[in-house]
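Have a look at the structure below before the remarks.
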Amino acid sequence: LEVRLRRGATGEVWKVRSLATGAYYAMKQMDFSGVGPKERDQAMQEARLLRKISHPHVVPFVDLVAEESKLCIFMQYFEGGDLQRVIQDARDGHRRLPEVGIWRWFLQVASALNYLHKAGVLHRDVKPANVFLACDQRRAVLGDLGIAKVLGGAVVEAQTRIGTPAYLAPEVWLGLRYGAAADVYSLGCTVFELAELRMPFHAESRGMLAALVCNRDCAPIGSASGYSAALRGLVRTMLD
């Protein structure tokens with residue numbers, strides 16, 4: 001073990017090094033002691049998903065170690081961090097991100113989502129913190145399939161309200177059935193945040209946040225931002 005990278009709802013992620021090769025990997029470790037069958041099934045679902053998914057912009061699966069009380073999923077480690085760190089660094093430096101980079105990341109994540117949706121998988125937690133970057137920060141991969149929903153065949157609909165509140169689509173907040181469009185909406189929130197360095201909706205409570213999202217009470221990216229009409233229109237369409 002080298003360093004803990006993050007702690008999420010479905011486990012901890014560590015940067016680890018192979019003693020045999022010296023290569024670095026990301027290891028997602030889930031402790032099954034004291035958890036119910038739902039959490040165990042969710043962890044095994046992610047492992048099964050990663051094993052059969054192969055796409056240049058979905059985090060690559062490396063290996064799996066399963067024990068009675070623990071599951072460890074080994075994935076490729078990405079040295080460039082994630083888009084949440086990119087946003088925070090730009091915010092701290094009071095600088096805007098180059099539009100060409102935003103387009104590149106958007107197209108790569110959109111490609112990953114298109115692949116997942118065609119395979120009958122809803123990601124359900126698309127956000128900057130789940131988009132990882134290669135060391136040059138040009139290649140982006142979508143990760144953390146811990147709460148993905150497998151619908152079988154082409155994506156149709158799901159109904160469970162799950163995901164990170166600030167990136168949830170209106171239909172998810174309203175408890176309606178939702179499909180691939182909910183992931184596209186979350187990607188729209190992510191692109192908005194890359195451009196504006198803030199989330200499209202912010203509120204002091206979940207109820208207020210839900211009202212803002214469902215009323216689509218979000219100021220568009222303005223022309224004064226310096227971004228093209230094409231990018232601003234793309235975000236507006238995804239959040240509509």
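The values are calculated or read from the model by the stated rules, or taken from the named source; none is laboratory data. Note that the coordinates shown come from a computational prediction; the quantities given were computed from them, not determined experimentally. Note that each Cβ is placed from the backbone with ideal geometry, even for glycine, and that neighbours are counted across all protein chains shown.
Condition check: in contact with a Leu (Cβ under 6 Å, 6 or more places away or on another chain) and of a type outside the set (S, T, N, Q). Does D183 satisfy that?
Answer is yes for this residue.
Kindly indicate which of G233, G207 is surrounded by 11 or more Cβ atoms within 10 Å (Cβ to Cβ), assigned by TED's automatic domain parsing to the domain that holds F132 and either polar (S, T, N, Q) or over 22 Å from H123 (Cβ atoms) (or both).
G233
Checking the conditions here, which among A166, A148, A195 is aliphatic (A, V, I, L, M), out of contact with any His (no Cβ under 6 Å at 6 or more places or on another chain), closer than 29 Å to L5 by Cβ and modelled with pLDDT under 95?
That would be A166, the only listed residue that is aliphatic (A, V, I, L, M), out of contact with any His (no Cβ under 6 Å at 6 or more places or on another chain), closer than 29 Å to L5 by Cβ and modelled with pLDDT under 95.
Report yes if some residue within region 175-183 is out of contact with any strand residue (DSSP E or B) (no Cβ under 8 Å at 6 or more places or on another chain) and either of a type in the set (D, E) or closer than 20 Å to R96 by Cβ (or both); otherwise report no.
No, that holds for no residue.
Could you list, in sequence order, all residues of region 116-128 that are part of a helix (DSSP H, G or I) and surrounded by fewer than 19 Cβ atoms within 10 Å (Cβ to Cβ)?
K118
Here is a check on your reading of the model: is P220 out of contact with any Cys (no Cβ under 6 Å at 6 or more places or on another chain) and part of a loop (DSSP other than H, G, I, E, B)?
Yes.
Being more than 16 Å from the chain's Cα centre (by Cα) and without any contact (Cβ under 8 Å) to a residue 24 or more places away in the chain, is that true of even one residue in region 98-113?
yes
Could you say which residue among V65, V13, V58, V86 is over 16 Å from the mean Cα position of the chain (by Cα) and either surrounded by 16 or more Cβ atoms within 10 Å (Cβ to Cβ) or more than 26 Å from F106 (Cα to Cα) (or both)?
Checking each option against the conditions leaves just V65.
Go through the residues of region 181-203 one by one and say whether even a single one is surrounded by fewer than 17 Cβ atoms within 10 Å (Cβ to Cβ), more than 27 Å from Q42 (Cβ to Cβ) and of a type in the set (K, R).
yes
Kindly indicate whether A119 is among the aliphatic types (A, V, I, L, M), assigned by TED's automatic domain parsing to the domain that holds A230, closer than 26 Å to K149 by Cβ and touching a residue at least 40 places away in the same chain (Cβ under 8 Å).
When the stated conditions are applied, A119 passes them.
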